[in-house]
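The values are calculated or read from the model by the stated rules, or taken from the named source; none is laboratory data. No experiment lies behind these values; they were computed from the predicted model shown. No Cβ is skipped: glycine too gets one built from the backbone with ideal geometry, and neighbour counts run over all protein chains shown. Keep in mind that these areas ignore ligands, DNA and RNA; they rest on the heavy atoms of the full protein, side chains included. Shrake-Rupley method; radii C 1.70, N 1.55, O 1.52, S 1.80 Å.
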Amino acid sequence: MRTERTEQQAGEEAGAGERAARRAVTLFPLLVLAAGALGLAAPGSFTGWGEAVPYLLGVVMFCMGLTMTPEDFRGVARRPWAVALGLVAHYVIMPGLGWAIAHLLHLSPQLAAGVILVGCAPSGTASNVVTYLARGDVALSVSVATVSTVLAPLVTPPLTLLLAGEYLPVDAGSMVTDILKTVLLPVLAGLLVRFLGGRRLRRALPVLPWLSALTISVIVAVVVAGSADAIKSAAALVFVAVVLHNGLGLALGYGAGRLGRLGEGGSRAMAFEVGMQNSGLAASLATAHFSPLAALPAAVFSVWHNVSGALAAAWLSRRGR
């Protein structure tokens, strides 16, 4: 009886966490829009906050680590081919699209570097939930997101140097250090706390999506405030770049899944793992290594990829029925 009650309680807690994540993803674009509007309307309120952005991102990644389980890593071993395909598609399609769009739209060096940096970032933190809403292969989505995040210190800096180096100087070594400190270490710390805390942390799981959403919203407000003067002249062009980047990423990710014969569920997972980026990391790196203006594409991407992801998930879900 005790075992049955424990399993039932664990199931209820997992369900509560899932529902909280769905609500957070649904409302996340509104939170980010409000944060961006606040940063634009009162940029002086966020003076000096730029140095806090890496620490805020560390909070988001720590929350991500808290939600991971050993099952996420076992999934990689079960389907190495599918996960490898997802990683290659993610780190080839999005960086390549970023570079192509920067050239196509003749973006300024700062904006071009920012768009490319978004493309070189790992999978977005909300991609797993959006895959679930789209009735996709959640296990594959989690595996690809997990591995792309762990590999980010090794992949993101050299890709950024290769593709954005023609626009701005890129200190790849310093970028590796920053990603280790703001991404990998917080994720590992979250994993450790989850392992040590065990069942006692399950009750906190529903809070984590909201904490992540609020923290990313603060990052967006800081980034927008830092480039408020330039937004009026560059916002339309950046929006076009972001919509093209995200839309083509979703479409080509889905196509990669179909070519790889991953089935409909796997192809849907691939769409969101390729098209949705960790724009919080991109904003943090752009602010630290380039300028607040270079972080603007990441701030806009934070809003748009959640809107487009939710819309695409709703359409795919209805089609699946």
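Summarising the amide proton neighbourhood of Gln277: residues at separation of 5 or more, or on other chains, whose placed amide H is nearer than 5 Å comprise Gly124. Mean residue ellipticity at 222 nm, helices only, the chain: -27000 deg cm²/dmol; runs of at least 4 DSSP H residues each add -39,500 (n - 2.57), and the sum is divided by the number of residues.
Centre-to-centre, using Cα atoms only, the range 244-302 and the range 197-231 are separated by 19 Å. For the range 235-319, place one equal point scatterer on every Cα, skip the solvent, and apply the Debye formula. What is log10 of I(q)/I(0) at q = 0.16 Å⁻¹? Relative scattering, expressed as log10 I(q)/I(0), comes to -0.64. For the range 44-164, the Cβ-based charge dipole about the Cα centre amounts to some 260 debye (Lys, Arg positive; Asp, Glu negative; other atoms uncharged).
Let me know the charge dipole size of the chain about its Cα centre in debye, to the nearest 20, where only the beta-carbon of Lys, Arg (+1) and Asp, Glu (-1) is charged. Show your work: numbers first, answer last.
Working: 22 positive and 15 negative charges, 224 e Å.
Taking the Cα centre of the chain as origin, the dipole is about 1080 debye.
In this structure the range 55-150 gives 36 Å² per residue of accessible area when probed at 1.4 Å with all protein chains present.
With the whole protein complex present, His289 retains an accessible surface near 40 Å², based on a 1.4 Å probe. Ordering Val183, Val176 by accessible surface, largest first, gives Val176, Val183; the 1.4 Å probe counts only protein heavy atoms, with every chain in place. When the chain is treated as a GNM with alpha-carbon contacts under 10 Å, the residue of Leu196, Leu180, Leu250 showing the greatest mean-square fluctuation is Leu196.
Tell me, what does the Kirkwood hydrodynamic radius of the chain come to in angstroms if you use every pair of distinct C-alpha atoms?
Value: 19.4 Å, from the Cα pair sum.
Computed with a 1.4 Å probe over protein heavy atoms only, the accessible area of Tyr167 comes to about 50 Å².
Atom-type composition of the exposed protein surface of the chain places 67 percent of the accessible area on carbon and sulfur (1.4 angstrom probe).
Helix 109-120 and the long axis of the chain differ in direction by around 20°, with both axes built from C-alpha atoms.
Ranked by accessible surface with a 1.4 Å probe, highest first, in what order do Thr47, Thr215 come?
The residues order as Thr47, Thr215, largest area first.
All Cα-Cα separations within the range 179-321 were binned at 5 Å from zero, giving a P(r) of 2, 9, 14, 16, 16, 16, 14, 9, 3, 1, 0, each value a whole percent of the pairs.
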